[in-house]
Amino acid sequence: MSDKGPVIISIASGKGGVGKTCITINLAASLAEKGKKVLVIDCDLGLANIDIMLGINPKSNLKDIIFKDADVRDVLIRTKAGFDFIPASSGAREMNQLLNEDIEKLKTLIARMSQGYDYVFLDIGAGISDTVLHFNLLASRNFIIVSRDLTSITDAYATMKMVYQMFGKQTFDIIVNSVRDDADGLKVFNHIDSICRKFLNFSLHHLGSIPFDEVVPRSIMKQTVLVHLFPESSAAVKIHQIAGNISP
Ligand SMILES: Nc1ncnc2c1ncn2[C@@H]1O[C@H](COP(=O)(O)OP(=O)(O)OP(=O)(O)O)[C@@H](O)[C@H]1O
Ligand SMILES: [Mg+2]
């Protein structure tokens, strides 16, 4: 593990379905392949689905840790993808609206769970509820996933604006997903970067772009991470590059 302690990375987007979960598990698998110790926490408290993407059937989840004081070691799953994983519960309404005291508890828990890891990924749900936004506060690096859709760009902007206004954060790493090519990704990045510079007075960092690739849904069908199932695919190559940018 690095001397500086774990790097906690939140993965948010505002708009749903832009690829947060796919990117989270594949970056985690790629970093694990590089020998890093990686933990993924499913923080999509309403509609968890990392377990489905990995073909896992968890017996307990984050909710049991928060509300029933379950032992983290009993909830933690060592995945075939090479990283450790804390699942969330799906369809649990009370988890969508965490109280301030729950968020404080979660903050302490995440700090504790992160010990011994190099990288911890928080895969956050869509939307801009208080709970969703607070997960950005708990992270040391904030990744924002955006696609070419105008609504994705406006929702990503709204997320960053809220996180900035609520917590004063103004350093965001952008990953543009489902692009045609690198030039396309750069164009989307420049667009959102110019909006942030104009209205929020800070600029963004472009971590990389991932092409639209039909192997992505195929890897989900096979419940195996893309970087293992189709390591030569254009999307997998880009994910490895982005992992290299995270951990040079
Ligand atoms: N680069 C890509 N190329 C092709 N399809 C992709 C790509 N990235 C994601 N997808 C597809 O988009 C869908 C949504 O992906 P994913 O579940 O990761 O999004 P999400 O942002 O986590 O969604 P939610 O907001 O519901 O949590 C999946 O069916 C996946 O196959
Ligand atoms: Mg998701």
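The values are calculated or read from the model by the stated rules, or taken from the named source; none is laboratory data. Since we're looking at a predicted model, the values are computed, not measured. For neighbour counting, all protein chains shown are included, and Cβ atoms are generated from backbone atoms with ideal geometry for every residue, glycine included. Quick note on the areas: whole protein, heavy atoms, side chains included, nothing else; ligands and nucleic acids left out. Shrake-Rupley method; radii C 1.70, N 1.55, O 1.52, S 1.80 Å.
A few remarks follow.
- Nonlocal amide H pairs with Val7, under 5 Å, H built at 1.01 Å: Tyr119, Val120
- Set of lysines near Lys105 by C-alpha distance (under 28 Å), chain-local residues within fewer than 8 positions excluded: Lys4, Lys15, Lys20, Lys36, Lys37, Lys59, Lys63, Lys68, Lys161, Lys169
- The helix-based estimate of mean residue ellipticity at 222 nm for the chain, built from -39,500 (n - 2.57) per DSSP H run of four or more residues and divided by its residue count, is -14000 deg cm²/dmol to the nearest 500.
- Cut-off under 5 Å, modelled amide H: who pairs with His206 long-range: Ile174
- Evaluated at q = 0.09, 0.11, 0.14 Å⁻¹: base-10 log I(q)/I(0), Debye formula over Cα of the chain: -0.35, -0.53, -0.89
- Spatial separation of Cα centroids for region 91-167 and region 218-248, in angstrom: 23
- Residue list for region 199-236, given a label point 7 angstrom along the Cα-to-Cβ vector of Lys34 and an amide N cut-off under 13 Å: 208
- Among beta bridges identified by DSSP and lying wholly in the chain, the antiparallel ones come to about 10 percent.
- When Met162, Met221, Met53 are compared by accessible area of protein heavy atoms, the largest-first order is Met221, Met162, Met53, using a 1.4 Å probe.
- Taking Cβ atoms as reference points and 13 Å as the exclusive limit, the residues near Ile86 contribute a net charge of -3, counting Lys and Arg as +1 and Asp and Glu as -1.
- Per-residue 3J(HN,Hα) values for region 177-190, derived from phi via the Karplus relation 6.51 cos²θ - 1.76 cosθ + 1.60 with θ = phi - 60°, read 10, 6, 8, 7, 7, 4, 5, 4, x, 5, 5, 5, 4, 4 Hz in sequence order (x marks Gly and Pro).
- Theoretical FRET efficiency, 1/(1+(r/R0)^6), r = Cβ-Cβ of Lys105 and Ile56, R0 22 Å, to 0.05: 0.30
- Karplus 3J(HN,Hα) series, Hz, for region 231-238 with 6.51 cos²θ - 1.76 cosθ + 1.60 (x for Gly, Pro): x, 8, 5, 4, 5, 5, 4, 5
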